[in-house]
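Below is one structure, written out as structure tokens; comments come after it.
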Amino acid sequence: MMTEHTESADFMDEDHDEAMALLARVVQCLGEMPSSGVGSGRLREDLLDFIEHSRAHFRREEALMKAVEFPPFQIHKQEHDTRLEALVAYVDDLDAGVMEPEDLKQRLEEDFIPWYRRHCATMDQATARFVARKGG
Ligand SMILES: [Fe+2]
């Protein structure tokens, strides 16, 4: 059987660094906004950039997991899906005026960013190790 081991987890670290840089921009933007300000165009743009990046990054990881038949694929993908939904909901909540920028800043700093770091250190590391063992 012809099996080509072109799968590689090399993209992951770079993607994660990019994600952290995009997130830092969002947090900085939130910190600069007036406390009762309506969502600014720049915030929306930065947030959408991060969401777009995350969607593409998560899909790359999922394609890699499928290619190497990573057993906990569903658990890993479920985390991605849940977090993407939450991010999209933040944009909707800002647009609807039911979430203030400082609330979003707090959620990102106290929940999303710690989750992202944990996720990289656990799920993503486990995926990368599995790929390496498979000879990717
Ligand atoms: Fe992941």
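The values are calculated or read from the model by the stated rules, or taken from the named source; none is laboratory data. Here the structure is a predicted model, which is why all the values come from computation and not from measurement. Cβ atoms come from the backbone with ideal geometry, glycine included; neighbour counts cover every protein chain shown.
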>> Checking the condition at pLDDT 95 or above, more than 21 Å from residue 128 (Cβ to Cβ) and under 12 Å from the mean Cα position of the chain (by Cα), which residue from 19, 86 passes?
In response: 86
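Considering only residues of the range 61-71 that are more than 11 Å from the ligand (Cβ to nearest atom) and either farther than 16 Å from residue 132 by Cα or among the hydrophobic types (A, V, I, L, M, F, W, C) (or both), which is surrounded by the fewest Cβ atoms within 10 Å (Cβ to Cβ)?
Our first condition is that a residue be more than 11 Å from the ligand (Cβ to nearest atom); within the range 61-71, this holds for 63, 66-69, 71.
Those still in the list that are either farther than 16 Å from residue 132 by Cα or among the hydrophobic types (A, V, I, L, M, F, W, C) (or both) too: 63, 67-68.
Values: 63: 10, 67: 15, 68: 19.
Here the answer is 63.
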> Residues in the range 25-48: is at least one touching a Gly at 6+ places or on another chain (Cβ under 9 Å), of a type outside the set (A, V, I, L, M) and away from the ligand (no atom under 14 Å from the Cβ)?
Replying inline: yes
> Listed residues 11, 58; which is surrounded by 12 or more Cβ atoms within 10 Å (Cβ to Cβ) and at pLDDT 95 or above?
Replying inline: 58
>> If I ask for residues that are within 12 Å of the ligand (Cβ to nearest atom) and more than 13 Å from the chain's Cα centre (by Cα), which ones from the range 122-136 would you list?
In response: 122, 125, 126, 127, 128
> If we scan the range 32-51, do we find a residue that is under 26 Å from residue 13 (Cβ atoms) and among the hydroxyl-bearing types (Ser, Thr, Tyr)?
Replying inline: no
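Would you pick out the residues in the range 88-101 that are part of a helix (DSSP H, G or I) and exposed (fewer than 15 other Cβ atoms within 10 Å of the Cβ)? It would help to see each step written out before you state the result.
Keep residues of the range 88-101 that are part of a helix (DSSP H, G or I), which gives 88-96, 101.
88, 89, 92, 95, 96, listed by residue number.
If you check residue 107 against the conditions, is it modelled with pLDDT under 95 and more than 25 Å from residue 132 (Cβ to Cβ)? Don't jump to the end; show me each part of the working.
Details: modelled with pLDDT under 95: no; more than 25 Å from residue 132 (Cβ to Cβ): yes.
It is false that residue 107 is modelled with pLDDT under 95 and more than 25 Å from residue 132 (Cβ to Cβ).
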> If you scan the range 38-73, which residues turn out to be in a helix (DSSP H, G or I) and small (Gly, Ala, Ser)?
Replying inline: 41, 54, 56, 63, 67
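Which ones in the range 86-121 are within 16 Å of the ligand (Cβ to nearest atom), free of Cβ contacts under 8 Å to residues at least 12 places away in the same chain and within 17 Å of residue 27 (Cβ to Cβ)?
If we filter the range 86-121 for residues that are within 16 Å of the ligand (Cβ to nearest atom), which is where we start, we get 86-87, 112-121.
Cutting the leftovers down to free of Cβ contacts under 8 Å to residues at least 12 places away in the same chain gives us 114, 117-118, 121.
Answer for the range 86-121, where residues must be within 16 Å of the ligand (Cβ to nearest atom), free of Cβ contacts under 8 Å to residues at least 12 places away in the same chain and within 17 Å of residue 27 (Cβ to Cβ): 114, 117.
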